[in-house]
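Just below is one structure, and these are the notes that go with it.
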Amino acid sequence: MTATTTGQEKSQSRLPNPAVLVPELAEISRALVKATGNGSVPQATISLVQLRAGQIVGSTYLTVLHTGNLRRAEQSEERITAVASWRDATRFTDAERVALELVEAVLLPNPHGERVSDDLYARAAAHYDDTALATLTMAIGQIGFFTPLALIGKPTPGVGPAQQWRD
């Protein structure tokens, strides 16, 4: 399953292309991209949230994907690298901070109570209207939807969709 090139290992995904195996996946993917790209939340914020989600679930593929999205959107390297430690970083707006806090609340267990408290929701609602909050929710859900493919299928990080899946 691996091939050696110039002393480095190049991995292949574990699965064949899931969009070929389950053709409906392409339609679902397009719908999610359209929903999260509706303009109610800045695309940079969506990408920051999705990068943080990829970090939380421990997916190199998702982390590389969303880091690349942020670079293509001309976000600074300081902002991109600070996502993992956003709480003490000075590179984020209050709206971005609450979005990052929201993704953490959804994806990380809270042994002391509910994950998304009324206080967190109120702080998010102070920065985002109902459409934007629903969009942020879908952006987090989008990562949740693709996490099993990223962890089980293990697509190759940094490789385009057509080339990342094994034959």
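Every number in this text was worked out from the coordinates using simple rules, so none of it is lab data. This is a predicted model, so every value here is computed, not measured. Cβ: placed from backbone, ideal geometry, glycine included. Neighbour counts: every protein chain shown.
Which shape class applies to the chain: rounded if a/c is under 1.5, otherwise prolate when a/b exceeds b/c and oblate if not, where a ≥ b ≥ c are the square roots of the Cα gyration tensor eigenvalues?
prolate
Select from the chain the helices, each a whole stretch of DSSP H, whose alpha-carbon atoms run 24 Å or more along the helix axis and whose Kyte-Doolittle mean is at least 0.5; answer none if there are none.
130-148
Which loop-located GluC sites (Glu not before Pro) does region 75-123 contain, where loop means any DSSP state but H, G, I, E or B and the Cβ has at most 10 other Cβ atoms within 10 Å?
Here the GluC sites (Glu not before Pro) that fit, given the DSSP loop and packing criteria, are Glu114.
How far apart, in nm, are the 7 Å Cα→Cβ label points at Ala89 and Tyr121?
2.8 nm
For region 76-83, what does the Karplus curve 6.51 cos²θ - 1.76 cosθ + 1.60, with θ = phi - 60°, yield as ³J(HN,Hα) per residue in whole Hz, taken in order and with x for Gly and Pro?
5, 4, 4, 5, 4, 6, 7, 4
For region 24-65 and region 108-166, write down the distance between their C-alpha centroids in whole Å.
7 Å
Explain nothing, just the number: dipole magnitude of the chain about its Cα centre with +1 on each Lys and Arg Cβ and -1 on each Asp and Glu Cβ, in debye rounded to the nearest 20.
580 debye
May I ask you to derive the FRET efficiency for Ser76 and Val20 from their Cβ-Cβ distance with R0 = 45 Å, giving the value to the nearest 0.05?
Computed FRET efficiency for Ser76 and Val20: 0.75.
Rounded if a/c is under 1.5, else prolate if a/b beats b/c, else oblate: with a ≥ b ≥ c from the C-alpha gyration tensor eigenvalues square-rooted, which is region 107-167?
Cα axes put region 107-167 in the oblate bin.
If I take every Cα pair under 8 Å that is 6 or more residues apart in the chain, average their sequence separation and divide by the length, what percent do I get for the relative contact order?
38 percent
To the nearest 500 deg cm²/dmol, what mean residue ellipticity at 222 nm is calculated for the chain from DSSP H runs of n ≥ 4 alone, each contributing -39,500 (n - 2.57), summed and divided by the residues?
When only DSSP H runs of four or more count, the value is -17500 deg cm²/dmol.
Given the Cα-Cα distance of Ala31 and Asp129 and 0.36 nm per residue of separation, how much length would full extension add, in nm?
33.2 nm
From the Cα gyration tensor of region 98-141, with a ≥ b ≥ c the square roots of its eigenvalues, which class applies: rounded if a/c is under 1.5, or else prolate if a/b is larger than b/c, or else oblate?
It comes out oblate by the Cα gyration axes.
Which residues' amide hydrogens lie under 5 Å from the amide hydrogen of Ser13, considering only partners 5 or more residues apart or on another chain, with H built in the peptide plane?
The answer is Thr156, Arg166.
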